[in-house]
Amino acid sequence: MQDSYSELIKLLLPEIIVEYFEMTSYKKEEEILHLYLKEINSIPKEYRPFKLSSKGFFDEITVQDFPIHGHQVYLHITRRRWLNEDIGKVVFSTDSYREEFSSGRNSCNTGVCVFFKRDQ
């Protein structure tokens, strides 16, 4: 998305989302705002010592975020599949920041979304 929106997005979304995702589009309905986010192609810090390659994406998930000025907000999130070529297994790029999330409900809690689940 355009750089002019990046500073605004940083104010609206949790820092962890801004760090690892880019907003690809948005859609505004009467009382609903949909933000579409895709994980950037940057190897997560905890996996940099390993030989990783991006092998597509997981299915999009939808998370309800806190309302903004009376509009319901839905984050449509697409995460990358990272293949650890040393062991031949898919690793989850969200393992390092999983501690910041709680029960795995598809909702937000205290400004940080709790949508990363190991079984996806």
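Rule-based calculations on the coordinates, nothing more; no lab input. Given the structure is predicted, the values throughout are model-derived calculations rather than measurements.
Using the Karplus equation 6.51 cos²θ - 1.76 cosθ + 1.60 (θ = phi - 60°), what ³J(HN,Hα) coupling, rounded to whole Hz, does each residue of segment 76-91 give in order, writing x for Gly and Pro?
Per-residue couplings from phi come out as 9, 10, 10, 9, 7, 9, 9, 9, 7, 5, 5, 10, x, 10, 6, 10 Hz.
How much length would be gained if the chain were fully extended between residue 47 and residue 22, taking 0.36 nm per residue of separation minus their Cα-Cα distance, in nm to one decimal?
7.0 nm
Each residue of segment 61-71 in order: what ³J(HN,Hα) in whole Hz does its phi give by Karplus 6.51 cos²θ - 1.76 cosθ + 1.60, θ = phi - 60°, with x for Gly and Pro?
For segment 61-71, the Karplus-derived couplings read 10, 10, 10, 8, 9, 5, x, 10, 6, x, 9 Hz, x marking Gly and Pro.
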